[in-house]
Amino acid sequence: MTSMFDLSGRAALVTGAAQGMGRAMALALAEAGADVLAVDRNGAGATNTAEQIRAMGRRAAAAATDVSVPTQVRQMFERMDQEFGRIDFLGNVAGESIMAPPEQISIEDVEQVLRNLVIGRFCACQEAGRRMLAAGRGSIVNIGSLASITALGRGHIAYSMAMGAVAQMTRELSTEWAGRGVRVNAILPAQVMNPGLEKRIAENPRLRDKWLSGIPAGRMGDPSDIRGLAVFLASDASSWITGALIPMDGGNLALNGSGSVGPGSTR
Ligand SMILES: NC(=O)c1ccc[n+]([C@@H]2O[C@H](COP(=O)([O-])OP(=O)(O)OC[C@H]3O[C@@H](n4cnc5c(N)ncnc54)[C@H](O)[C@@H]3O)[C@@H](O)[C@H]2O)c1
């Protein structure tokens, strides 16, 4: 019996694929059978991921692309056309932020964050959407954040504005395209360990406890936590799921700010 999660014969493009959740997503899709274009600003990292995928027996290619630059995003899709001649799945994972208090952040920095997280994701959705609509099928996953629907403080103003836009982008695109076979969903992760978070914990060790106090599951996220969701959303197992903002957060969004974690906890 063919697994409902089987991605054999499908072609996926994943951004941010040099490390972290993008890399974990690309490898999980390949493990489920997909061929993959691994994209990252870090070309050497993307190449490394593509090599790992080829070692699994799948087809893979790598592209060094800055997703905040629309001409580069369009070139990345031309590469996808040349390499695979189709696109069944887009994982919009690449991104980073600039943090500063709202009363101090420069407008140029806000623009850069919006270019990276909003314009970059939208341009990729548009290019993928055009191809998927023509084919009558496809699945797109945008990585949002807790900051797509709640506030984080601590200098996250530009990031939150951008991730809020990613939530609405997902809902609008899913609404526009659902009747033509193209699904668009978002994954909203809580804190998933990456070099940026490691650095912030090293600078302020109390931050780790602060984050854990909001995660009922009692542990930080790991990039590998995205593997199951990625395969599910790329596969026919999720064929009636679109427009969803899916928390991947160990229970964070379910917990009210004045709630406590653990039996008898007074934290
Ligand atoms: N880690 C978390 O706690 C967390 C939580 C919520 C949302 N997110 C979002 O998830 C995504 C992935 O997070 P991660 O933890 O895997 O990050 P990471 O820092 O481990 O990896 C991000 C990757 O994206 C690439 N990248 C950044 N900007 C790029 C650009 N403009 N063009 C091309 N590549 C670019 C980097 O080179 C890197 O390989 C990001 O968009 C992040 O904002 C992360």
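Note down the nm distance, to one decimal, between modelled labels 7 Å out along Cα→Cβ at N42 and at N194. Placing both labels 7 Å beyond Cα along the Cβ direction yields 1.0 nm. Of the residues S238, L114, T175, the one whose Cα sits farthest towards the positive end of the charge dipole of the chain is S238 (charges of +1 on Lys and Arg Cβ, -1 on Asp and Glu Cβ, taken about the Cα centre).
Using the Cα centre as the reference, give the magnitude of the dipole from point charges on the C-beta atoms of the stretch 98-230 (Lys, Arg: +1; Asp, Glu: -1; all else neutral), rounded to the nearest 20 debye. Intermediate results must be reported in sequence, preceding the final value.
On the way: 16 positive and 12 negative charges, 99 e Å.
Roughly 480 debye for the stretch 98-230.
Each peptide in 154-160, 254-260, 81-87, 195-201 gets a packing score, the mean of other Cβ atoms within 10 Å over its residues, and the list from highest to lowest is 154-160, 81-87, 195-201, 254-260.
Note: the stretch 93-218, Cα convex hull, 117 Å³ per residue.
Less than 5 angstrom separates the built amide H of G138 from those of R183, all sequence-distant by 5 or more or on a different chain.
Using a simple spin-label model with pseudo-atoms 7 Å out from Cα toward Cβ, I98 and M4 lie 4.6 nm apart. Projecting label points 7 angstrom from Cα along Cα→Cβ for E176 and D236 puts them 2.8 nm apart.
The residues packed around S139, meaning those with a beta-carbon under 10 Å from its beta-carbon, carry a net charge of +1 if Lys and Arg are +1 and Asp and Glu are -1. With coordinates expressed along the principal axes, the C-alpha atoms belonging to the stretch 11-247 extend over 48, 37, 33 Å, beginning with the largest.
Across the stretch 236-247, computed HN-Hα scalar couplings (Karplus, 6.51 cos²θ - 1.76 cosθ + 1.60, θ = phi - 60°) run 5, 4, 10, 5, 10, 10, 8, x, 8, 10, 9, x Hz from first to last residue, x flagging Gly and Pro.
Per-residue ellipticity at 222 nm, computed for the chain from helices alone with -39500 (n - 2.57) per DSSP H run of at least four residues, works out to -12500 deg cm²/dmol.
Report the local net charge at V69: Lys and Arg +1, Asp and Glu -1, summed over other residues whose C-beta lies under 11 Å from its C-beta. Walk me through the numbers before you get to the answer.
Values: positive: R41, R74, R115; negative: D66.
Residues close to V69 contribute a combined charge of +2.
Taken about its Cα centre, the chain carries a charge dipole of roughly 320 debye when the Cβ of each Lys and Arg holds +1 and the Cβ of each Asp and Glu holds -1.
Put the Cα centre of the stretch 8-36 next to the Cα centre of the stretch 78-144 and the gap is 16 Å.
No value in this document is a laboratory result; all are computed from the given coordinates. Note that the structure is predicted; figures quoted are calculated from it, not measured. Here the Cβ is made from the backbone with ideal geometry for all residues, glycine too, and neighbour counts use every protein chain on show.
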